[in-house]
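*Asks:* Next up is a structure, given as structure tokens.
The values are calculated or read from the model by the stated rules, or taken from the named source; none is laboratory data. These numbers were taken from a predicted model, which means no experiment stands behind them. Cβ placement follows ideal geometry from the backbone for every residue including glycine, while neighbour counts extend to all protein chains displayed.
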Amino acid sequence: MESEENVNESGQIDSLEEIQNTALSTLWEMLRSFVEHLPFLAGGMVTLVLTWGLANLISAFGTRVLGHWHKRESVKELIVRLLSIIIWVLGLLLTAIVLFPGLTPSKALGGLGLVSIAVGLAFKDIFENFFAGILILWRFPFERGDFIECEGLVGKVEKVMVRMSYIRETNGQLTVVPNSFLFKNPVTVLTSQPSRRVMLTTGVAYDVDVSDAVRIISQAVEACETLSPDKPVQVFPKAFGSSSIDIEIAWWTESTPLAVRRSTGEVVTAIKKALDEAGIEIPFPYRTLTFKEPLTVTQREN
């Protein structure tokens, strides 16, 4: 019995020693492989750092290098961003090849294609905004600094990124808009031209000479300082209103929303002052009541 127990104990000891030797051998093999792979890790890190530096260099100085090019500013920014993306893709591909020497460019490109399909399906909205941003930068007529209007959003374009745009509203709030929103909906570029036509409607009483009213209004508007000097002022009787003859005034001023508001205020003030000085009434709605039967008026005695 004692011999059998000794045999079992020696067998267990041999098994433990075998497991210990196997674990140490595995750890040693992993350490040796890691040490042998250190040059590849260092090469991959160097490649990654060079890629980061070159991409930042192009982002910082690419627009200046293209500064004398005749294309739009947004096209220059698009070229710079596309170059940065291409450098990052090539840099990451080269880093993967350096880290894994058995990886060939064809295998890497094939794996990248499969990954692109999977990522494209998972991040459909992100890629939709990405391509919309590229098309906006390439083809759309608004630039940084333009005022635009889209689905009730009015503001100044501060920045057009690849996926989103920053719009500073006229009340000072910053709105981050997905590029697909601007691409799918009608966009009105308020500052596409240096000047913009503004229209206003006023009215005069029915007993007023309309020709005199048109002449007085025209003189008052033409004397305003905020009007574009090379554009005509147009004043025309428009319609028979419920309580007045409606007169439409059209003039040109600077195209920014602030300039339009300032000019509108000046024109309204000038028209009101000129009509008041001429004794011409700007009527408000009033009613004349006619009764079928005469009304009986009684006077109360105190």
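*Asks:* Can you confirm whether Val233 is touching a Phe, Trp or Tyr at 6+ places or on another chain (Cβ under 6 Å) and in the same structural domain as Ile271 (by TED's automatic domain parsing)? Working first, answer last.
*Replies:* On the way: touching a Phe, Trp or Tyr at 6+ places or on another chain (Cβ under 6 Å): yes; in the same structural domain as Ile271 (by TED's automatic domain parsing): yes.
In short, yes.
*Asks:* Quick one: what pairs do we get from the range 173-200, first residue under 26 Å from Arg261 (Cα atoms), second part of a helix (DSSP H, G or I) and modelled with pLDDT under 90, C-beta under 7 Å, 6+ apart or different chains?
*Replies:* Leu182/Ile136
*Asks:* A follow-up question, please. Return the only residue of Val268, Val214, Val221 being within 26 Å of Glu149 (Cα to Cα), in a helix (DSSP H, G or I) and outside the structural domain of Glu149 (by TED's automatic domain parsing).
*Replies:* Numbers: Val214 fails: within 26 Å of Glu149 (Cα to Cα); Val221 fails: within 26 Å of Glu149 (Cα to Cα).
Testing whether each residue is within 26 Å of Glu149 (Cα to Cα), in a helix (DSSP H, G or I) and outside the structural domain of Glu149 (by TED's automatic domain parsing) leaves just Val268.
*Asks:* Which of the residues belonging to the range 46-61 are hydrophobic (A, V, I, L, M, F, W, C), surrounded by 13 or more Cβ atoms within 10 Å (Cβ to Cβ) and modelled with pLDDT of 80 or more?
*Replies:* Our first condition is that a residue be hydrophobic (A, V, I, L, M, F, W, C); within the range 46-61, this holds for 46, 48-50, 52, 54-55, 57-58, 60-61.
Those still in the list that are surrounded by 13 or more Cβ atoms within 10 Å (Cβ to Cβ) too: 48, 50, 52, 54-55, 58.
Within the range 46-61, Leu50, Trp52, Leu54 meet the criteria.
*Asks:* Could I ask something else about it? Report, ordered by the first and then the second residue, all pairs with beta carbons closer than 7 Å, sequence separation of six or more or different chains, a first member in the range 282-301 that is surrounded by 10 or more Cβ atoms within 10 Å (Cβ to Cβ), and a second member that is assigned to a loop (DSSP other than H, G, I, E, B).
*Replies:* Pro283/Ala205; Pro283/Ser243; Pro283/Ser244
*Asks:* Moving on to the next point. Out of (1) part of a loop (DSSP other than H, G, I, E, B); (2) free of Cβ contacts under 8 Å to residues at least 12 places away in the same chain, what's the single condition that is false for Ser228?
*Replies:* Answer for Ser228: the failing condition is (2).
*Asks:* Would you check if there is a residue in the range 232-242 being under 27 Å from Glu149 (Cα atoms) and either exposed (fewer than 14 other Cβ atoms within 10 Å of the Cβ) or polar (S, T, N, Q) (or both)? Quick ask: steps written out before the conclusion?
*Replies:* Taking the range 232-242 and keeping what is under 27 Å from Glu149 (Cα atoms), we get 232-234.
From the residues that got through so far, the ones that are either exposed (fewer than 14 other Cβ atoms within 10 Å of the Cβ) or polar (S, T, N, Q) (or both) too are 232, 234.
Among the residues of the range 232-242, at least one is under 27 Å from Glu149 (Cα atoms) and either exposed (fewer than 14 other Cβ atoms within 10 Å of the Cβ) or polar (S, T, N, Q) (or both), which makes the answer yes.
*Asks:* Looking only at residues in the range 175-199 that are of a type in the set (Ser, Thr, Tyr) and touching a strand residue (DSSP E or B) at 6+ places or on another chain (Cβ under 8 Å), which one is surrounded by the fewest Cβ atoms within 10 Å (Cβ to Cβ)?
*Replies:* Within the range 175-199, the first condition is being of a type in the set (Ser, Thr, Tyr), and the residues that meet it are 175, 180, 188, 191-192, 195.
Then keep just the ones that are touching a strand residue (DSSP E or B) at 6+ places or on another chain (Cβ under 8 Å); that gives 175, 188, 191, 195.
Numbers: Thr175: 13, Thr188: 11, Thr191: 20, Ser195: 16.
Residue satisfying both the conditions and the ranking: Thr188.
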